[in-house]
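The values are calculated or read from the model by the stated rules, or taken from the named source; none is laboratory data. Because the structure is predicted, anything quoted here is derived from the model rather than measured. Positions of Cβ are generated from backbone atoms using ideal geometry, with glycine treated the same way; all protein chains shown enter the neighbour counts.
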Amino acid sequence: MVGVGAARRSWAAAVVVLLQAAWALVGGQVRYSVPEEAEAGTVVGRLAQDLGLEAGEAEARRLRLVARGRRASVEVSGASGALVVSSRLDREELCGKSAPCALRLEVLLDRPLRVFHVEVEVTDINDNAPRFPNAYKNISVWENSPLNSRFPLEGASDADIGSNAQLSYSLSPSEHFALDVKISDEDRKSLFLVLTHPLDRESLSEHRLVLTASDGGRPALTGTVQLVISVLDANDNAPQFNQSVYKVQLPEDAAEGTLVGRVAATDPDEGINQEFSYSIVSSVPASQRDSFSIDPRTGEIRLTGPLDFEEVRINELQIEARDKGFPPLSGHCSVELEVLDVNDNAPEVWVTSLSVPVPEDAALGTVVALLSVSDRDSGPNGRVRCAVRPPSPFGLVATFAGSYSLVLREALDRERVSEYEVEVRAEDGGAPPLRASRGLRVPVSDVNDNAPAFAQAVYTVLARENNAAGAELARLWARDPDEAGNGRVSYSVAEGGAGTGAGSGSGSGWRPASSYVSVDAESGRLRALRPLDYEELQVLQFEVRAVDAGEPPLCGNATVQLFVVDENDNAPALLPPAGGGPWPWAAGEAAEPGSRPPGSAGSAVSSWSLWARAAWGAPAGQVVAKIRAVDADSGYNAWLRYELREPRGEGPFRVGLYSGEVSTARALEEADGPRQRLLIVVRDHGEPPRSATATLSVSLVEGAEAAVGAVSVSAGAGLRPAASAEGGSAASGASAATNVWLVVAICAVSSLLVLAVVLYGAGRWAPRAAVLAGPGPATLVCASEVGSWSYSQRQSRSLCVATDGAGKSDLMVFSPNCPPAPGPA
């Protein structure tokens with residue numbers, strides 16, 4: 001055996017030298033050949049060079065092997081890129097009797113990812129000697145056996161293939177026996193021991209022969225079995241089968257107990273020499289002998305073990321019929337069982353490479369995974385079809401027999417689907433088909449492809465004046481569906497501002513929005529940097545920018561329209577009589593800041609002392625004087641009403657609730673005294689209301705003196721003289737006409753209220769609030785049902801409704817900027 005081993009190694013080395021450069025590139029596949037039992041480190045082929053790689057490129061691009069389903073016995077040398085043997089190669093262990101024996105490998109290259117298919121054929125060497133099932137074989141032969149009687153022998157088996165497994169047999173020299181080798185159609189050999197010379201038990205009762213099996217290797221290996229032939233006396237007729245070979249077929253999924261077939265034999269002897277029994281004396285392969293049983297009496301052969309088409313496709317049984325004579329005689333036949341393939345093996349799917357996560361901007365055709373599919377069945381049962389579920393955005397591309405690439409077929413969007421559960425399904429062509437599947441988790445990585453987007457293009461914000469510095473006005477929010485830094489948004493005030501000083505009377509100027517408000521960079525909370533003054537600023541429009549932290553960063557903008565809501569922070573201010581006048585008057589000490597000093601035309605203060613004259617006997621309704629006041633606020637906060645505080649009760653004078661006209665309540669009498677002192681309070685409609693007071697001293701004089709005073713008042717002081725009854729009637733008629741117009745004005749205000757509610761509802765539920773703002777025409781606004789006109793120094797604005805959902809119950813009417821009303825002519 002030492003000589004055989006040395007010869008084997010020298011033969012392997014010679015084959016390596018001859019085949020180490022053999023390769024073929026057919027359809028993208030590299031083929032090599034290596035003999036089995038090659039020593040570790042043996043070079044199979046120059047893989048890197050055959051793949052067209054430059055020196056050092058194999059190690060730089062991570063040239064590596066991926067075995068399919070089993071541990072590979074070859075590896076890639078990192079430095080040279082050569083394919084070398086890494087462990088013992090035993091062809092019989094890898095492939096059994098299958099030929100050719102090939103290792104199918106996949107070679108991967110990185111940057112870019114490429115796959116090559118390598119097939120390494122493991123060639124057979126003569127490293128297995130033929131082997132017989134037993135070292136001894138006992139044969140009984142009757143001495144009266146006719147010449148050319150044949151006795152079946154069990155042949156040897158050789159684990160090698162090809163010429164190394166081509167067995168030839170020889171028998172040691174014998175005068176009485178010869179060896180007959182019969183070759184069947186399937187190239188199988190059946191051995192028979194043939195009687196060539198009559199036997200004489202009395203001269204020699206036992207013959208010992210040696211049967212030798214030699215394979216076709218170089219050098220050839222042999223195996224032997226010793227034949228012990230016992231010569232028997234008596235019974236001269238052996239049982240005879242009706243046919244020498246029985247051929248049957250059986251599917252591989254046949255259940256235990258299935259009837260394989262039935263053999264039949266006859267014996268022309270009589271009595272006990274005619275009785276015989278059946279038995280299985282041998283099987284090929286020998287490992288399947290226990291898978292069959294035969295009824296000794298009926299000759300029925302039944303299945304007692306499983307069949308596997310993938311392991312053994314043909315079973316050959318040697319059946320013996322032995323009679324009960326003395327000595328017993330036997331007849332023989334063979335049963336050839338062909339195993340039929342059924343679809344009993346499901347496909348197998350392996351993932352050999354997986355490149356995840358996949359960026360959402362990956363190009364179409366990007367290879368995500370490499371897969372291998374196989375089926376142990378043959379024919380249609382072994383043909384496999386593959387599909388991927390869901391069918392998009394991935395697809396399968398067949399790269400080689402049994403190899404597929406999972407590639408990108410459609411564009412990805414991580415914001416829509418951040419991870420895919422991909423299932424690769426394999427189905428064979430059997431009936432019914434068998435299926436297998438392999439699940440893959442393919443996450444999608446984010447890129448910065450979405451800019452922040454505000455929920456609204458325009459935000460309308462209401463802020464009351466005199467708010468505290470740092471008060472939160474609103475919260476802006478921009479959505480960015482990207483993740484991590486690509487979706488982290490920061491806010492800033494981009495541009496915008498407003499003119500100032502228009503309401504205060506000082507010179508107007510421009511201030512940026514950043515001097516009024518700020519926005520928190522992280523939360524988007526809009527805060528006031530300082531208290532707001534409606535009289536200084538009514539509308540502030542600016543842009544808020546949202547920028548993500550991606551690379552490059554993306555941004556979005558929204559317009560903010562900030563409306564300052566008026567509060568009642570200005571008390572009514574009294575105006576002096578139009579044009580001055582000869583009558584004395586005095587201003588109170590609580591003058592409005594910024595008002596002109598007493599004596600200047602049009603100055604406004606919060607307290608006045610006035611004098612007027614009224615004639616004795618003046619009729620009721622005679623206008624004596626008119627109190628004039630203005631409020632710097634707007635809307636209800638600037639709507640003034642006049643009340644007579646003193647004297648209380650029923651006095652001779654009254655004050656128009658909204659006109660401020662002081663008129664006689666009844667005819668004046670001498671009992672009313674020479675002078676009446678009236679304390680008049682001017683109050684606005686704000687919450688809480690603010691007020692100013694005026695003291696009016698009315699001197700009761702004769703009619704002629706009152707007429708002279710009336711002319712003077714009409715010219716300068718703005719106080720009304722006493723009039724005749726006809727004059728009073730005319731004044732009453734004018735007042736009635738004024739009341740009609742005031743009723744019309746009140747209806748208009750009510751209509752504005754209804755319109756404001758409708759606009760509020762529309763702004764509350766609309767997806768984006770559009771705010772219209774701008775200066776209105778210089779018109780007067782009717783503020784009472786009795787004919788009083790209030791003047792405001794504010795510009796006209798539309799009704800503003802907040803979009804943050806906060807309900808507003810008050811109606812704000814902004815009146816236009818109007819000059820003080822002229823005095824009576």
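Can you confirm whether residue 45 is closer than 27 Å to residue 163 by Cα, modelled with pLDDT of 80 or more and over 45 Å from the mean Cα position of the chain (by Cα)? Spelling it out, residue 45 is indeed closer than 27 Å to residue 163 by Cα, modelled with pLDDT of 80 or more and over 45 Å from the mean Cα position of the chain (by Cα). No other residue among 151, 116 is of a type in the set (Phe, Trp, Tyr), assigned by TED's automatic domain parsing to the domain that holds residue 228 and in contact with a Leu (Cβ under 7 Å, 6 or more places away or on another chain) apart from 151. Scanning the stretch 233-247 for residues that are closer than 13 Å to residue 330 by Cβ and part of a strand (DSSP E or B) yields 240, 241.
Out of 515, 523, one residue alone is of a type in the set (Gly, Ala, Ser), within 11 Å of residue 498 (Cβ to Cβ) and surrounded by fewer than 21 Cβ atoms within 10 Å (Cβ to Cβ). It is 515. Against the conditions (1) at pLDDT 85 or above; (2) of a type in the set (Phe, Trp, Tyr); (3) assigned to a strand (DSSP E or B), residue 608 satisfies every one except (1). Looking at 250, 211, 191, 227, just one residue is part of a strand (DSSP E or B) and under 60 Å from the mean Cα position of the chain (by Cα), and that residue is 250. I'd like to check something: does the stretch 547-557 contain any residue that is over 27 Å from residue 484 (Cβ atoms) and polar (S, T, N, Q)? Within the stretch 547-557, none of the residues are over 27 Å from residue 484 (Cβ atoms) and polar (S, T, N, Q). If you go through the stretch 170-186 one residue at a time, do you hit one that is surrounded by 14 or more Cβ atoms within 10 Å (Cβ to Cβ), touching an Asp or Glu at 6+ places or on another chain (Cβ under 7 Å) and closer than 23 Å to residue 131 by Cβ? No, the stretch 170-186 has no match at all. If you check residue 416 against the conditions, is it under 22 Å from the mean Cα position of the chain (by Cα) and surrounded by fewer than 16 Cβ atoms within 10 Å (Cβ to Cβ)? Here the answer is yes, as residue 416 does meet what is asked.
Of the residues in the stretch 130-144, how many are surrounded by fewer than 20 Cβ atoms within 10 Å (Cβ to Cβ) and modelled with pLDDT under 85?
2
Evaluate the following for residue 683: is it in a strand (DSSP E or B) and either surrounded by fewer than 18 Cβ atoms within 10 Å (Cβ to Cβ) or at pLDDT 90 or above (or both)? Step through it out loud before you land on a result.
Working: in a strand (DSSP E or B): yes; either surrounded by fewer than 18 Cβ atoms within 10 Å (Cβ to Cβ) or at pLDDT 90 or above (or both): yes.
Yes.
Does residue 370 satisfy being modelled with pLDDT of 90 or more, in contact with an Asp or Glu (Cβ under 8 Å, 6 or more places away or on another chain) and in a strand (DSSP E or B)? Considered against the rule, which asks whether it is modelled with pLDDT of 90 or more, in contact with an Asp or Glu (Cβ under 8 Å, 6 or more places away or on another chain) and in a strand (DSSP E or B), residue 370 comes out as yes. No other residue among 211, 195, 191, 204 is outside the structural domain of residue 283 (by TED's automatic domain parsing) and over 30 Å from residue 337 (Cα atoms) apart from 204. Residue-level analysis places residue 100 among those that are loosely packed, with under 15 Cβ neighbours inside 10 Å, free of Cβ contacts under 8 Å to residues at least 60 places away in the same chain, within 21 Å of residue 402 (Cα to Cα) and not hydroxyl-bearing (Ser, Thr, Tyr).
Within the group 162, 81, which residue is surrounded by fewer than 17 Cβ atoms within 10 Å (Cβ to Cβ) and out of contact with any Phe, Trp or Tyr (no Cβ under 8 Å at 6 or more places or on another chain)? Even if it seems obvious, please write down each step before you answer.
Numbers: 81 fails: surrounded by fewer than 17 Cβ atoms within 10 Å (Cβ to Cβ).
Exactly one residue qualifies, and that residue is 162.
Got a sec? Which of 609, 634 is of a type in the set (Gly, Ala, Ser) and within 16 Å of residue 575 (Cα to Cα)?
609
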